[in-house]
Every structure is written in structure tokens, then in C-alpha cells.
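What follows is one structure encoded as C-alpha cells, with my remarks underneath.
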Amino acid sequence: MTAIEAPAPLDAEEEARLRAARRDRIAKWALPVIVMALTLVLWDRIVVWNDIAHYILPAPSRVAETLVADWAILGPAAWATIQITGLALLAAVVGGVGLAVFFTQSRLFELSFYPYAVILQVTPIIAIAPLLRIYIDSVYGVLILCAWIVAFFPILSNTTLGLNSADHNLRDLFRIYGATRWQKLRYLQLPAALPYFLGGLRIAGGLSLIGAVVAEFVVGTAGQSYGLASRILEASYRLNIPRLYAALLLISAIGVVIFAALSLLSHLLLRKWHESALKRET
Amino acid sequence: MPPRRPLLTLSGVGKTFAGDVVALRGMSLEVREGDFISLLGPSGCGKSTALRLIAGLSHPTAGSIRWAEARERGDIGVVFQEPTLMPWATVAENAWLPFRLRGQSYSAVKDEVREALRLVGLDAFAGAYPRELSGGMKMRVSIARALVTRPKLILMDEPFAALDEITRFRLNNDLLSLKAKIGCTVIFVTHSVFESVFLSDRIVVMAARPGRVEREVAVGEPYPRDEAFRTSPEYAALCREASAALHAAMGEAA
Ligand SMILES: Nc1ncnc2c1ncn2[C@@H]1O[C@H](COP(=O)(O)OP(=O)(O)OP(=O)(O)O)[C@@H](O)[C@H]1O
Ligand SMILES: [Mg+2]
């Protein structure tokens, strides 16, 4: 017997698997970029070849130029939309998780208030926004409230589900060891709810942006303008289509960044233990 | 050998669930310190119900369960059929749980946790997460958690039923040596005649509909028991006796 054995040669199947994994890693980034590039080229060619006026369909280069040229207007608007979305999401997390915890601690509390959470959820935000505008002076406040209303329900319902999903044998174990309510919440229910909460958070992130934009369409037009939605309205009145596209581009970019950030957060928090974040060796 | 002191006594214990489901009727049993008792019986004969009553997870609708001394937190360890680990916690954190729920910090009980993991042969895996372990290893963590507080009584509900036979034999052997080392009392639920004979000094054979004790089979063989015991004629004879009792309990000819 030799002391050092040569590593066993990989068999063909294993090599093929490695190649496929490498190819997937590259393709995951390369393919969307290629599709994007092709779309832009095609868009540009269509505009040029058909001689389409920029106030009907601006070429991608024109949108980019507008984005830079109008940054003094679009930048602050984007920042306002980001703030509204972020604050609403934060409030949704605090409210949703807090309410979910109360729901699981007291059945009576849940029975009393759950129906109202549902009513809040099913009433279209467009219908409530003008009313809120009457009662609340600050436009900023109304926008945050609207975005909050749409964002908090997925967090509430997912977290409630998660808090109740802890393994029943583990719950028995906690009882046998005489765990207090607080210990049970802290060491069992909250960790068990984390994957559910993060799922709800990802949905809520997108919804709070939608809520912020939609609410602004409804309330933000009274002379003052805040975020990107009023810039879009304004641009459409003036037939400033390149700016409209630039604002749209910013909204999509914000949405994508929120989604990516929340996905990353979810991955970082769950990668050690949760099935959804596992890359199993086959 | 001095007579064993009583640990707890079940007298005429019954449990009837809503809808008149009689899960258990008139179960009397004296558990003495150091006993290894198996509850053996067909599905639905109330084995898990009896275990839950002893654990204090539910209360008898008839009869009583009396402890010789007042029960304290951590006097009972439990092992379920599934390992029932917290997937978000490491092996060491899982084994720490009973202490943690008593408000003891990890650093205060580090030695006990390490020792429990060493006893089940998993000290090298203290920092691993449950998903990185095999089924048998998860079960060992579950056992380490049950014995980390050195409880007087460990309740096990078909702990090895989901494991392959080789792993099950190994864990049976290890369970006996663990019990000898820490000197606890064990009540062990099983479907397997062989397992119950190998492990216990008393087998309580139970019957279903309604759940009740059919008879008790005493296994007089001394501990430690090893692989040689598995092939001995005494073992075979005891298996036949327990098997006959089980068949009688199921209402069939042996
Ligand atoms: N919470 C409950 N509510 C109503 N009936 C129950 C409940 N728990 C158990 N039972 C009934 O009591 C009887 C005994 O159940 P138990 O779980 O104790 O059986 P078991 O011997 O552990 O069976 P198995 O070997 O399949 O685990 C069964 O008929 C079962 O349907
Ligand atoms: Mg059972």
C-alpha cells in the first residue's frame, strides 16, 4: 500500500455534471444580458429605420440622454419614491410582525382584529387614497400610509402562518421543559417563522413600491409633485415621452434592486439551515 | 441487589378523548428507579397516550399518576419517533435546549453539553447543523438532548422505528451502555418484539380497542447485554414468550 493515493479520476458522468454546473453559472448572467442587448439594438433599429418621432417612441439612447439631462428633476423624485417605499416597508415589517405575534399570543385578539386586517387588504387602495388625503394634511404621510396598507398584509399573514408552523413535537418538548411563553416565542416560534416572514417580505417589497406609485397617481397631483409617479403624469401631459420612459426605467430599477436586496437578505439568513437556500450535493 | 425504589406509580389510569374514543383503560404500572420498561403492542393500543400522560402533556380522565418525589423541570427527557431537532440550531445548541429553557447560558453548561455529545459519539459534530447529519446521527443528537440534564426518567416513543436495522442494532447497544453510565430509568415504546427483549428488563404488552395492559413479561437476563445475547437461546425463548403475549393481545392464536 502506498501512503499517498492518487485522487480517483472523475468518471464521465461526474465531469459532465461539473461542466453543466459551470455552464449554468455563466448562463445565469450572460443570457439575460444578451437578451437585453438584443432588445435595445432591435428597439433602436426599429426607431431609426421607421423614422419614428421621439415623442412617440424615443430610441434607447435618447432615453439614456434624458435620464442624464433631467437628473436634476428625476433624481430627487426617485429619492422621494425610494423613501416612501422604504418607510412603508419598514412600517409594514414592524406592524405585520408585531400584529402576527399578538395574534399568536392571544386567540381573542386574533378573532377580534383579523377581519379588519382582511378588510384593509381587500379594499382597493385607489379607493381609499382620496379619502385619506382629506383627513391627513401631509401628502408624504398619505403616500406612506397607502403603501403601508398594501405591503403589510403579506407580512402579517405569512408571519402568522410561520409562527403557527413550529413542529408540534418541539412544542411538546418546550412544554415538558416548562418553557415560558416568551421562551417559546423567542426560541421556537420566531425562528420557525423566519422563512415564511422572508417570503412575505419579498412580496411586500414589490407591493410597497406599487402602493407608493399608485397612491401618488391618485393624491400627489394637486399641484405638488413628490415622487416618480407625478413626474410620469407631468411628462405625459407635456408629451415628454423620453422623460416618461426615463422615469419608468427608474421605477423598474428601484423594484429590481428591492427584490434583489431582499432575496440576498433571505439567502444570507437561511443559507445555513433552510431547505429553500440549500445547494445539496447530489 | 437491593430492591429498587419506586419512581412513579400509575394506578388505574385511563384516557378517553372527545367522541368517546377510549385510548387507554385501567393501566396500572409501578416504575422503579433504574427500570428499563418497554411498552409493546399493536398500533392504536395507547402506547403514545400512556407516554404523554407520564410526561404530563395530557391528563388522565381516570385513575392517577403519582411521583415518589416532586417532579422538577428537567426530570424527564423525551425522544420522539422523529429526531425533532431545531433545524436553525447547531448540534450543540440543540443539546443545550433543556438548559437554555431553565435560563442557563451556554458557557455555564458547556461541559455538560459536550459530555452528552461525547456519550452519543457526536462531539466532533457540535458545530454542524441537523441537515448535515444522517438519520441515525440526528437520533443521537435527540438522545443527547434528552439526557443532557441527567433526568431521572427518559421517555422514548419508537425512537428507532424509522432507521435501518444495522443502525438500529448499533443504537440499541449504545442506548444500553448509556443507560448503564448515567443510571436513569427508561420507558421505551416499540413495535418490535426483538428490540423490547434485547433492551428491557420488563415488557408491558398492550392490547388495543380499548387500549389496555395485556400482561407483563419479565426479562430476567443480566446487563450488560451484548451481541452474544442476541444469538443466545435465552433470547430466542424470551422473544417467543413476548411474541405469544403480543399475539394473544391481538386476539390471535400464537
Ligand atoms: N388527541 C387525540 N384525540 C382523539 N383520539 C386520539 C388522540 N390521540 C390518540 N387518539 C386515539 O387513541 C388511540 C391510541 O392512540 P395512541 O397514539 O396512543 O396509539 P399508539 O399505541 O401509540 O399507536 P402507534 O403504535 O400507531 O403509534 C387511537 O385509537 C387514537 O386514534
Ligand atoms: Mg404512537
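The values are calculated or read from the model by the stated rules, or taken from the named source; none is laboratory data. Bear in mind that the values here come from a model prediction, so they are computed numbers and not experimental data. Cβ coordinates were reconstructed from backbone atoms using ideal geometry, including for glycine residues, and neighbour counts include every protein chain displayed. Only protein heavy atoms, including side chains, enter the accessible area calculation; ligands, DNA and RNA are left aside. Shrake-Rupley method; radii C 1.70, N 1.55, O 1.52, S 1.80 Å.
Could you list all residues from the stretch B:127-143 that are more than 13 Å from chain A (Cβ to nearest Cβ), over 17 Å from A:Leu170 (Cα atoms) and crowded, with 16+ Cβ neighbours inside 10 Å? Listed by number, the residues that qualify are B:Gly136, B:Met137. Checking the stated criteria, B:Gln104 turns out not to satisfy the condition of being open to solvent by 60 Å² or more (accessible area, probe 1.4 Å), within 16 Å of ligand 2 (Cβ to nearest atom) and either outside the structural domain of B:Val213 (by TED's automatic domain parsing) or in contact with a strand residue (DSSP E or B) (Cβ under 9 Å, 6 or more places away or on another chain) (or both).
The set of residues in the stretch B:1-29 that are touching a residue at least 24 places away in the same chain (Cβ under 8 Å), surrounded by fewer than 16 Cβ atoms within 10 Å (Cβ to Cβ) and charged (D, E, K, R) comprises B:Arg4, B:Arg5. Here B:Ala55 clears all of (1) in contact with a strand residue (DSSP E or B) (Cβ under 7 Å, 6 or more places away or on another chain); (2) away from chain A (no Cβ under 14 Å); (3) of a type in the set (A, V, I, L, M, F, W, C) except the condition numbered (2). One residue stands out in the stretch B:58-76 among those that are surrounded by 16 or more Cβ atoms within 10 Å (Cβ to Cβ) and under 28 Å from B:Leu176 (Cβ atoms): the one that is nearest to ligand 1 (Cβ to nearest atom), namely B:Ile65.
This table checks each residue for (1) within 16 Å of ligand 2 (Cβ to nearest atom); (2) not in a helix (DSSP H, G or I).
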position	(1), (2)
B:Gly136	no, no
B:Ala144	no, no
B:Pro159	yes, yes
B:Phe169	no, no
B:Lys181	no, no
B:Ile203	no, yes
B:Glu234	no, no
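B:Asn94 falls short on exactly one of the conditions (1) of a type in the set (S, T, N, Q); (2) open to solvent by 10 Å² or more (accessible area, probe 1.4 Å); (3) within 11 Å of chain A (Cβ to nearest Cβ), and that condition is (2).
Within the option set A:Gly178, A:Gly162, being buried (at least 22 other Cβ atoms within 10 Å of the Cβ) and within 14 Å of chain B (Cβ to nearest Cβ) holds for one residue only, A:Gly162.
Taken together, B:Pro42, B:Pro6 contain a single residue that is within 20 Å of the chain's Cα centre (by Cα), more than 15 Å from ligand 1 (Cβ to nearest atom) and at pLDDT below 95, which is B:Pro6.
Return yes when B:Arg212 is in contact with a Gly (Cβ under 8 Å, 6 or more places away or on another chain), open to solvent by 10 Å² or more (accessible area, probe 1.4 Å) and within 16 Å of ligand 2 (Cβ to nearest atom) and no when it is not.
Values: in contact with a Gly (Cβ under 8 Å, 6 or more places away or on another chain): yes; open to solvent by 10 Å² or more (accessible area, probe 1.4 Å): yes; within 16 Å of ligand 2 (Cβ to nearest atom): yes.
Here the answer is yes, as B:Arg212 does meet what is asked.
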